[in-house]
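Here's the structure, in structure tokens; my notes come after.
The values are calculated or read from the model by the stated rules, or taken from the named source; none is laboratory data. The structure displayed is predicted, hence computed values, not measured ones. Virtual Cβ from ideal backbone geometry, glycine too; neighbours counted across all protein chains shown.
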Amino acid sequence: MTDDELRQLIASNARAIEAAASERIEMRTAILKLTDLQEGVINLLSRLDEERPTILRKLNTIENKIDQLLQSE
């Protein structure tokens with residue numbers, strides 16, 4: 001292998017290493033975004049679970065009022 005071929009090989013390997021490092025950074029960024037998104041979904045679902053009893057109570061109250069109105073007629 002000549003010096004020129006060796007230099008080309010070294011340069012090629014350096015570019016491949018840089019590309020791999022760049023991809024790794026992009027992957028880490030994507031994983032962080034997905035983690036944030038997952039945490040947001042979990043928070044949203046937990047809030048919905050907290051609000052569900054309130055919504056059910058309100059619906060139950062409406063149902064009871066309708067029942068009372070129907071019975072009074």
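Numerical summary
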item	result
Any hit, the range 1-11, residues being free of Cβ contacts under 8 Å to residues at least 40 places away in the same chain and not in a helix (DSSP H, G or I)	yes
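Listed here are the residues, each with its yes/no results for (1) aliphatic (A, V, I, L, M); (2) at pLDDT below 95; (3) within 31 Å of the chain's Cα centre (by Cα); (4) loosely packed, with under 10 Cβ neighbours inside 10 Å.
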residue	(1), (2), (3), (4)
D4	no, yes, no, yes
A16	yes, no, yes, no
Q38	no, yes, yes, no
K58	no, yes, no, no
L70	yes, yes, no, yes
